[in-house]
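Trainee: My questions will all concern the structure given below.
The values are calculated or read from the model by the stated rules, or taken from the named source; none is laboratory data. Note that the structure is a prediction, hence the values are computed from the model and not measured. Glycine gets a Cβ as well: all are built from the backbone with ideal geometry, and neighbour counts include every protein chain shown.
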Ligand code: KG4
Ligand code: ZN
């Protein structure tokens, strides 16, 4: 089954063609994040306008990359994209939420129109759970699996860490998913972004802090990183809290006359990573799943991948740890198409609406 995935929940406009939920035939992403870097954060109206501008060219490019000739950039050939969709695609998957309403509407209305026009199946996808399906993409240089590494099995614990969400999920099967815990305030990605701003680093802050932290760690090996607190790390639940970290960083900067930016980045990263890893390992020890899935934009973070990978190997050796290739961790449409293949939950184009506040309960 060939699925065209469409993702427009925030500042990325993405399309992908994925076969049987696991093989990428093409994947294209346009981003307006450069514009947001200038303002230090996303302006929803600007993001939505860029979605409108990019959506059709991105879908055309993606179709022609998957099914067109090597000369797919030729503008005359772009006119054939519509026929290409009609001939080759079985279903269209689209993120319906959560996300920014203006951005979501662009993807949802485009998917509905294409579905109606070409009599295709429409599969709405929840963005939070879809991130986990980055680990189902295989046999591709861009994929998470090399060779015949097996696909994740259920039940699985999924730590999903993105710009807007931080949750621990128990996935019993593709359509039976429970929330074990969530952030009580800021999401982990949001904490990275807000603290980066305090430190004078551009948006998105996660990769910036991570780069500075890695520089520090490459020189200061085995150094203790405990400058900032890890709120809720000992609490008797699976919840997280990251907004206090922002205040701690502010207070520290106010008190100090000068500071080493790379060291502070490493300290911030460690505090976030430790909280995430501790609660995830605890959930695995208590609930004994078969797989552990790490997903969401923050899963591109090298330190988080390493620490969770190491602790899972030592403390929960029977549980298989899966994390997508970093290029599939941040927003793209391959995992939207993959999730749609496995969920198989189609909808009529007449009934689908964008839902900015969608939760796992809306599955
Ligand atoms: O999943 P995603 O691409 O978009 C949302 O669904 O929100 O996640 C974006 C978030 C941003 O907060 C960004 O700063 C963070 O992921 N991020 C990272 C890294 N790469 C992206 N955070 C830490 N380290 C990274 N390497
Ligand atoms: Zn995301």
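Trainee: Would you be able to say whether some residue in region 185-197 is touching a strand residue (DSSP E or B) at 6+ places or on another chain (Cβ under 8 Å), more than 15 Å from ligand 1 (Cβ to nearest atom) and at pLDDT 95 or above?
Mentor: For region 185-197, residues touching a strand residue (DSSP E or B) at 6+ places or on another chain (Cβ under 8 Å), more than 15 Å from ligand 1 (Cβ to nearest atom) and at pLDDT 95 or above: absent.
Trainee: Keeping to region 285-307, report how many residues are away from ligand 1 (no atom under 16 Å from the Cβ), under 29 Å from residue 204 (Cβ atoms) and out of contact with any helix residue (DSSP H, G or I) (no Cβ under 7 Å at 6 or more places or on another chain).
Mentor: 1
Trainee: Out of (1) in a helix (DSSP H, G or I); (2) free of Cβ contacts under 8 Å to residues at least 12 places away in the same chain, the odd one out for residue 350 is which?
Mentor: Result: residue 350 passes all but (1).
Trainee: Turning to a different aspect of this structure: Quick one: count up the residues across region 225-249 that are surrounded by fewer than 16 Cβ atoms within 10 Å (Cβ to Cβ), assigned to a helix (DSSP H, G or I) and in contact with a helix residue (DSSP H, G or I) (Cβ under 6 Å, 6 or more places away or on another chain).
Mentor: Qualifying residue count, region 225-249: 0.
Trainee: Take the residues in region 37-50 that are within 18 Å of the chain's Cα centre (by Cα) and away from ligand 2 (no atom under 13 Å from the Cβ), then tell me which one is surrounded by the most Cβ atoms within 10 Å (Cβ to Cβ).
Mentor: 47
Trainee: Let me ask something else about it. Hey, among 354, 300, which residue is within 27 Å of residue 279 (Cα to Cα) and either modelled with pLDDT under 95 or within 16 Å of ligand 2 (Cβ to nearest atom) (or both)?
Mentor: Exactly one residue qualifies, and that residue is 300.
A quick yes/no check of all residues on (1) within 16 Å of ligand 1 (Cβ to nearest atom); (2) farther than 30 Å from residue 236 by Cβ; (3) touching a residue at least 24 places away in the same chain (Cβ under 8 Å):
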{"site": "254", "(1), (2), (3)": "no, yes, no"}
{"site": "266", "(1), (2), (3)": "yes, no, yes"}
{"site": "326", "(1), (2), (3)": "yes, yes, yes"}
{"site": "339", "(1), (2), (3)": "yes, yes, yes"}
{"site": "360", "(1), (2), (3)": "yes, no, yes"}
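Trainee: Same structure, new question: For region 13-36, how many residues meet the condition of being within 16 Å of ligand 1 (Cβ to nearest atom) and surrounded by fewer than 23 Cβ atoms within 10 Å (Cβ to Cβ)?
Mentor: Total satisfying the criteria: 9.
Trainee: Hey, another quick one. Determine whether residue 260 is closer than 15 Å to residue 209 by Cβ and more than 24 Å from the chain's Cα centre (by Cα).
Mentor: So residue 260 fits the description; yes.
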